[in-house]
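K.L.:
After the structure tokens below, expect a handful of questions from me.
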Amino acid sequence: MIYGTYDDRNDARVNVKGWLRNNDAASYTSEEIRRLVIEAIKADRDPVDPIADSWREGSYGALVGLVEFAEEEMEKLLPETVRSFDGAAETVTNGIGERGVKAALDRVVTMRGLLADKTGSCPRTHRADQALKLAEDMITFSLARADALSGSVGTA
């Protein structure tokens, strides 16, 4: 990977986290996250990568931003659960290959479970849960797409 794709990833990550902090959970949608990725890619004044690479890295950065935001929210709201999810963003960051992606999905689902357990005693968990729901949807879609692509390659 060259530095340009890292910029796309990092810019999208930062944009997503900032936007999540400044907006209500009701406005957290996949369309908004996609818009933020597009803005990050368009803002690159010196693109050095094919658009497909920029889109891939920007999407990945958005995913990392979602999970990092949820970790930070959970740490503020539920400090007693910090050890239960510590390192979730790293799990997502290291989620290369099918096993790594499935491990990242498991980590996100576990975090959502912790939030569900605490919702009654701490109703402000909605922002973290909605961010994790978007992350879960992104990972699930990626796995489904990878399965479909590998199936089509196997039949060719």
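Only the coordinates and a few stated rules stand behind these numbers; no lab work does. Every value quoted in this text rests on a predicted model; they were computed, and no experiment measured them. FYI the Cβ positions are ideal-geometry reconstructions off the backbone, even for glycines, and counts take in every protein chain you see.
K.L.:
Which ordering of GLU57, GLU32 is given by a fewest-first count of other beta-carbon atoms within 10 Å?
P.N.:
Values: GLU57 25, GLU32 15.
So the ranking, lowest neighbour count to highest, is GLU32, GLU57.
K.L.:
Continuing with this model, one more query. How would you rank 104-112, 62-70, highest first, on the average number of other Cβ atoms within 10 Å across their residues?
P.N.:
Details: 104-112: 20.3, 62-70: 26.8.
Listed from highest to lowest mean packing, they are 62-70, 104-112.
K.L.:
Past the 20 Å Cα-Cα mark, which pairs from LYS17/LYS42; LYS76/LYS118; LYS17/LYS102; LYS76/LYS102; LYS102/LYS133?
P.N.:
Over 20 Å apart, Cα to Cα: LYS17/LYS102; LYS76/LYS102.
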